[in-house]
Every structure is written in C-alpha cells, then in structure tokens.
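Written out below as structure tokens is the structure these notes cover.
The values are calculated or read from the model by the stated rules, or taken from the named source; none is laboratory data. Since the structure is predicted, the reported quantities are computational estimates derived from the model, not experimental observations. Positions of Cβ are backbone-derived with ideal geometry, glycine not excepted, and every protein chain shown enters the neighbour counts. Remember, those area values only see protein heavy atoms, side chains included, never the ligands or the DNA or RNA. Shrake-Rupley method; radii C 1.70, N 1.55, O 1.52, S 1.80 Å.
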Amino acid sequence: MQSQTHTFLINGSPMPCLQAGSGEPLLLIHGALANHTLWLEHIEPLSHHYCVYAPTLRHFGEAGKEGPFGLDTHAGDLLALLAQLAVGPVHLVGWSYGADVALTAALQAPECVQSLYLVEPGCPGALDEQGLAAFMADAGAMFGPVFGQVGAGLLQEAVATLIDGSGGRPGYFAAQPLKWQQAQLAEVGSLPKQLSQNERPDWSPARLATLKLPTCIVQGTDTRPLFALTGEALGRAIPASERLLVPHAGHLYPIEQPALFVQHLRRWLPHGDSLPPATAL
C-alpha cells in the first residue's frame, strides 16, 4: 500500500510524518540515530490492517533542529501531532529512545493512547537503587567511549561505537548493510544533543502504577543488561503490562528482523492474527 509523507508544524517546528493504510491509528516512534524512514519495511505490511503514522522527532532527519532535545519535549511534540491528526486514541509503538518518548507521552496524556508497545526502552527512571547501580555499570561500559569520542569531535567514530554497543559486539556497525550505516551516519548531528539532554520525566513506580493502558514490554533475550533491567522494572511497575521475550534477538532486532517485528506486533495488537509464537513472561 502506497505511503505518503506529510510535514506538520508542531510546536513551531516542522515534523515529517509518513502515513499509509486505513483502520485504527497506529504510531511508530523511531529511536536514536534514525528517522521515520527506519519504518519503511514495517509500514507496508502493517498498513493493510491499520492507518500507520511514522513521524520524525525534532532534531532528527528533516525535522526542525531548534528547541531542546529531551523526552518531555519529544513527548509534547508527539501529543501535539496527535491533536492535529485528530484520529482519536492510538496504538503507540516505540523502539529504544522512541519507546522512552512513547511512555512519557502516555503518562502525560493517557486518554490519547489505546495501547503501548515498548521495544527495549532505556530510561532508568523506574529502577530501584540496586537496579540503578547495575544499569549505570553497563551504561558506563556502553556510553563511556561514546562520550569520549564526541568530546574529541570524532562524531562518525562515536556513531559506530554506539551502534557496536547497541548491537552487543565490536564491529557490529561495519557488518551492517550499507543502507543502515549511511542512515545512522546521516543522524550524526543528533548524537551530541542526545548525550547532553537533561530532561528527566517522572517514571517513578508510583506514577507508573497509575498507567492503566494495555502495555507490552518487548525485550530480546540477547540484549544488554541496561535494556533488560529497564524492561524488568517497567514490567513490575505498570499494572496492565505483559513482557515479551524475543529469542536470539538483541537491541537492534527491529531492523535486523523487520518481518518478525511486524508478526509479534500484529499478534499483540487487537484483532491480531494467529502468528508464530514468542516467549511471554
């Protein structure tokens, strides 16, 4: 089904948004070093069952570059987009940083969301003291070299190091298809902004306990500890949540296995088909 890209003016900033299909509204939120084109392979099969929207967040891609970079800002932009679309409550899907944005938006305006599908969120706001210590140890191992390279002005090297860390092994970036390397390097300007963000939304267990939306927290069995810890904490804190483990998958599984990603998502969403099993927790 053919898709179209529209550009909206959101809180004074242009926001490109891919749209395809018809049916209940489904929003896909990209993560770091990406934009709405990340979802091109996912949108086509999903558009046969849903009206799919895939916006590019502020500071990424062809979106506006003014204003702060942070979860509250991006969540506010997302809610402003929903107000302009006027499609009613949506199924909200986010991956990595996009999952953090989706959850922040749902906490701000749960009436705008039908369901949440959070793939490998990474914000540590729900962790207790012990979990936070373990999170920080792994985050230091992953992001420490990235901070060093950004500070030295080695931005392209920092992109490769971050993708290696996300993929769980040295050389992951270089082993990817060229299209993904090029797409990630094209977002190099967003990386210093993301590393210096200071917006800290309230993800306390007490606030998360107020979220009554059907929520699925998706995690690869081979992901890094920092993402596993975050997913486990959110699963404990959000009352109407379930967790889904994807076997033999890591943090980058949505681009590694787009067809599998779509299968798992469609099975979980209302009216989902009977599809190959994953491991539910």
Return P(r) of the stretch 98-185 (all Cα-Cα pairs; 5 Å bins starting at 0; whole %; ordered from short to long distances). 3, 12, 16, 17, 18, 15, 12, 6, 1
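How high is the relative contact order of the stretch 103-237, given as a whole-number percent (alpha carbon pairs under 8 Å, six or more residues apart)? Provide the component values of the computation, followed by the final result.
Values: 131 pairs, mean separation 61.2, N = 135.
Over the stretch 103-237, the number comes to 45 percent.
Per the 1.4 Å probe, what fraction of the accessible area of the chain, in percent, lies on carbon and sulfur atoms?
Numbers: 6420 of 11350 Å².
The nonpolar share, carbon plus sulfur, comes to 57 percent.
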Amide H neighbours of TYR50 under 5 Å, counting only residues 5+ apart in sequence or on other chains, H built in-plane at 1.01 Å? SER22
Expressed in square angstrom to the nearest 10, the accessible area of THR210 with a 1.4 Å probe stands at 90 Å²
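Would you mind counting up the charge near GLN108? Only other residues with Cβ under 12 Å from its Cβ, with Lys and Arg at +1 and Asp and Glu at -1.
On the way: positive: ARG207; negative: ASP72, ASP77, GLU111, ASP202.
Around GLN108, the surrounding residues sum to -3.
Normalised by the residues of the stretch 1-126, what does the relative contact order come to in percent, with Cα pairs under 8 Å and at least six apart?
Values: 275 pairs, mean separation 31.0, N = 126.
Relative contact order comes out at 25 percent.
Calculate, for the chain, the solvent-accessible area per residue in square angstrom, rolling a 1.4 angstrom probe over the heavy atoms of the protein chains.
On the way: 11350 Å² over 281 residues.
That works out to 40 Å² per residue.
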How far apart, in nm, are two points set 7 Å out from the Cα along the Cα-to-Cβ line at ALA186 and at ARG236? 4.1 nm
Rounded if a/c under 1.5, otherwise prolate or oblate - the stretch 132-223, Cα gyration tensor axes: prolate
Could you point to the residue in LEU191, ALA174, VAL246 farthest towards the positive end of the stretch 153-281's charge dipole, with +1 and -1 charges on the Cβ of Lys/Arg and Asp/Glu respectively? VAL246
Just need log10 I(q)/I(0) for the stretch 34-86 at q = 0.21, 0.23 Å⁻¹, Debye formula, equal scatterers on the alpha-carbon atoms, no solvent, rounded to two decimals. -0.86, -0.97
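To two decimal places, what compactness ratio does the stretch 42-152 give when its Cα radius of gyration is scaled by 2.2 N^0.38 Å? Show your work: numbers first, answer last.
Numbers: Rg = 16.2 Å, N = 111, 2.2 N^0.38 = 13.2 Å.
With N residues counted in the stretch 42-152, Rg over 2.2 N^0.38 Å equals 1.23.
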Hey, can you grab everything whose amide H is under 5 Å from the amide H of VAL218? Only 5+ residues off in sequence or another chain; H modelled, so Pro and N-termini drop out. LEU118, VAL119, GLU120, LEU244
Once you have a ≥ b ≥ c as the square roots of the Cα gyration tensor eigenvalues for the stretch 123-281, tell me rounded if a/c is under 1.5, and otherwise prolate or oblate according to whether a/b is larger than b/c. oblate
Mind sorting out which of (i) 18.3; (ii) 13.4; (iii) 14.4 is the real mean projected area of the Cα convex hull in nm² computed from the coordinates? (ii)
Full-extension gain in nm, ASP202 to LEU178, via 0.36 nm per residue minus C-alpha separation: 4.8 nm
All lysines inside 28 Å of LYS179 as judged from Cα atoms, apart from same-chain residues fewer than 8 positions distant: LYS65, LYS193
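Contact order normalised by length for the chain, with contacts defined as Cα pairs under 8 Å and 6 or more residues apart; what percent is it? If you can, show how the numbers build up before the last one.
On the way: 548 pairs, mean separation 48.1, N = 281.
Rounded, it is 17 percent for the chain.
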